[in-house]
Amino acid sequence: MSSKKIRTGDDVLVVSGKDRGRRGTVTRILDNDKIVVEGINIAKKHVRPDPNAGIQGGIEEREMPLHVSNVMLYNPQTEKGERVGFKWLGEGSERRKVRVFKSSGETVDA
């Protein structure tokens, strides 16, 4: 189990950059503290044609990575981005680490 604060499939709110205030779902997590968010940080990329690989070429739009510090986990109850912490639940062998919202203390993942 990963103990990262932001995981694949989370709803996040962008807090800085050209897409500030927009919301999206995390599609990929890269190993250097970067994430790719669906529909956010779109850039135009010029692609060369490669007939051997079947690539037509031209200009395509791609989702570029964002640093994890530029997003906050979205809380649907408050409809805001919030900070995330960790808490241990259960006792003995049932004990597990869960993510919680810092403002309310409610768990992110059940």
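The values are calculated or read from the model by the stated rules, or taken from the named source; none is laboratory data. Since the model is a prediction, treat every value here as computed from it, not as a measurement. As a convention, Cβ positions derive from the backbone with ideal geometry for all residues, glycine included, and neighbour counts pool all protein chains shown. Side chains are part of the model used for accessible areas, which takes the heavy atoms of the whole protein and leaves out ligands, DNA and RNA. Shrake-Rupley method; radii C 1.70, N 1.55, O 1.52, S 1.80 Å.
Structural remarks
- Hits in segment 23-38 - residues which are at pLDDT below 95 and either part of a loop (DSSP other than H, G, I, E, B) or exposed (fewer than 10 other Cβ atoms within 10 Å of the Cβ) (or both): Asp31, Asn32, Asp33
- Set side by side, the residues Lys97, Lys87 differ, and just one is touching a residue at least 40 places away in the same chain (Cβ under 8 Å) and either open to solvent by 70 Å² or more (accessible area, probe 1.4 Å) or part of a strand (DSSP E or B) (or both), which is Lys97.
- Among the residues of segment 69-84, none is identified as in a helix (DSSP H, G or I) and of a type in the set (Phe, Trp, Tyr).
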